[in-house]
Amino acid sequence: MKVLLIQPSRYLANGKLEKKKRRWLLGMTVPYVASLTPPDVQVEIRDDLIEEVTTRERCDLVGFSIMTPHSSRAFELAAGFRRRGIPVAMGGFHVSLAPDECQEHADALVLGEAEESWPRLIRDFQAGRLKQRYQAQQLSDLKNLPVPRYDLLDLKKYRMLNIPSQTTRGCPYACGFCEITQVYGGKYRHRPVEEVVQEIQAIHRQTRSKFIYFVDDNFAANRTHTKELLERLIPLKLIYGCVATVNIADDPELLKLMARSGCMHVNVGMESINWESLEGVNKRQNLVEDYERQFKALRDHGIGFSANVVFGLDGDQPDIFTRTVEFLIRVKAPLSFMFVLAPRPGTPVREQLLKEGRIFDHDWTRYCGFNVVHHPKHMTAQELEDQYWRANRRFYSLPSILKRLTAKAYSFQMLPVNLCFAWYVRRRTHPLEYF
């Protein structure tokens, strides 16, 4: 039996399918699903962004991992396989949060986490009793997880070998624009430290890469667990990045351990400098008055950072764009990933906006955080779009880049990245479209 796992691409605003020769970063989900597949089943992976994927592939079962902006392409490919009589299974965040829509395009769905559901789906398929939906009775305890099958990928097609790994799942904060709590639950779960270390060593044997990207939604969720892990990472001499809440900067011991263990970059969810905007999406853990001190603490420990920003929240007034860029320049943010609010399925903010009749665009391909799909509260949709791109251009302008340079080595390492991003945003192209 052969299973084909596909990571779908997406359609761009001009209607063309997004295709590239190489991808900047590789994802973890599809290689991880491959590792969950029973060993007697042959598995192949196709990355639709960088490979030619057709519905003529020879296989017995096709599996898709779907995020919302990629759903249209996934549905298109699925239809082609099903016309040939090849069953299609779908999983991923979009499937878990919009199952009724996805059921129309698939023979089976995996809802939520796949550790128990995916192997059961495979065995049911082999026995000729495939069901429409599979969902585990409880969340995974994250013990004895397999190592993702990065050996099934052509790693030469990825520009940056930051190999993904995961140490925790779940989040108690329940921010209004985020799907994490709905899929992974409202409590932090963490993997045994020894198993994480063993996985990283196995990844190194697979890929020969010492660059790791921890894909946890909050790498420092459980400080005791994180500090124990960091102590174990020090001898491995890694270089790694992670995602964390900005309040990690309030823990000097944690920052020292992160620096000693090889943390080069941390992506923090700043989201907004306006408390009313944060309050409106239940982001109460962020304290605007602490941002400047917290970013300085990261810089002082030699840890580079990028600040995520979301525009179009209900507390945003027309001056939010200028004030945000001025703040990011003042705190010398090495990078900032700016987004427009994307009210994706399953999120409280989408339910609110639908109830108020403020969503005017239901094309999932535009729900990538780069497009305006709703009517903001204190400006027009066109003003939001224009000012969003103006903020990107100003942040990545040459004067801004020079002002944000510091004496830290990481700051100079980010100079080429800033110049590259400046080229993108001048063309109204979000830098993450190339990742």
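Here is how the number arises for the chain: DSSP H runs of 4 or more residues each give -39500 (n - 2.57), the sum is divided by the residue count, and the result at 222 nm is -10000 deg cm²/dmol.
Using DSSP to define loop residues, name the trypsin sites (Lys or Arg not before Pro) in the range 286-333 whose beta-carbon has at most 16 other beta-carbon atoms within 10 Å. Passing both the DSSP loop test and the Cβ count: Lys332. Residues Trp275, Trp118, Trp24, Trp364, ordered by accessible area of protein heavy atoms at a 1.4 angstrom probe radius and largest first, appear as Trp275, Trp24, Trp364, Trp118. Counted over the range 237-377 with a bin width of 10 Å, the fraction of Cα pairs per bin, in whole percents, is 11, 38, 30, 17, 4, 0.
The listed residues Met414, Met270, Met160 rank as Met160, Met414, Met270 when sorted by accessible area, largest first, using a 1.4 Å probe. Note on Asn14 and Asn144: the extension gain reaches 42.3 nm, defined as 0.36 nm multiplied by sequence separation minus the Cα-Cα distance. When the surface is traced with a 1.4 Å probe over the full set of protein chains, Ser71 keeps roughly 0 Å² accessible.
Beta-bridge orientation, the chain: approximately 10 percent antiparallel, per DSSP, counting only bridges with both partners inside. Placing +1 on the Cβ of every Lys and Arg and -1 on the Cβ of every Asp and Glu, with nothing else charged, gives the chain a dipole about its Cα centre of roughly 1440 debye.
Applying a 4.7 Å cutoff between beta carbons, the unpaired cysteines of the chain are Cys59, Cys102, Cys171, Cys242, Cys263, Cys368, Cys420.
What pairs in Lys143/Lys227; Lys156/Lys332; Lys210/Lys283; Lys377/Lys403 have C-alpha atoms more than 22 Å from each other? With Cα atoms farther than 22 Å apart: Lys156/Lys332; Lys210/Lys283; Lys377/Lys403. Identify the GluC sites (Glu not before Pro) of the range 318-373 meeting these criteria: DSSP loop state and at most 14 other C-beta atoms within 10 Å of the C-beta. Those that pass, being in a loop and sparsely packed, are Glu356. The label-point distance for Glu101 and Gln413, in a model that sets each label 7 Å from Cα toward Cβ, rounds to 3.9 nm. Note on Cys178: accessible area is roughly 40 Å² with a 1.4 Å probe, heavy atoms of protein only.
Within the range 124-157, report the trypsin sites (Lys or Arg not before Pro) that DSSP leaves as loop and that have at most 16 other Cβ atoms within 10 Å.
Within the range 124-157, the qualifying trypsin sites (Lys or Arg not before Pro) (loop, at most 16 other Cβ atoms within 10 Å) are Arg129, Lys131, Lys143.
Per residue, the Cα convex hull of the range 38-141 amounts to 116 Å³. Rounded is the label for the range 1-99, because the ratio a/c of its alpha-carbon gyration tensor axes (a ≥ b ≥ c) stays below 1.5.
Distances between every pair of Cα atoms in the chain, grouped in 10 Å steps from 0 to the bin holding the largest one, split as 4, 20, 31, 29, 13, 2, 0 percent. Mark the label point 7 Å from the Cα of Arg323 along Cα→Cβ and return the residues of the range 254-286 whose backbone N is within less than 20 Å of it. What the label zone holds, given the 20 Å backbone N cut-off, is 269-286. Extents of the range 193-299, taken as max minus min of Cα coordinates on every principal axis and listed largest first, are 48, 24, 21 Å. Residues whose amide H comes within less than 5 Å of that of Ser9, counting only those at least five positions distant or on another chain, are Asp48, Leu49 (H built at 1.01 Å from N in the peptide plane).
The values are calculated or read from the model by the stated rules, or taken from the named source; none is laboratory data. Values in this document were obtained by computation on a predicted structure and should not be read as measured data. Heads up, the Cβs are rebuilt from the backbone with ideal geometry, glycines too, and the neighbour counts pull from every protein chain shown. All accessible areas refer to the heavy atoms of the entire protein, side chains included, with ligands and DNA or RNA removed. Shrake-Rupley method; radii C 1.70, N 1.55, O 1.52, S 1.80 Å.
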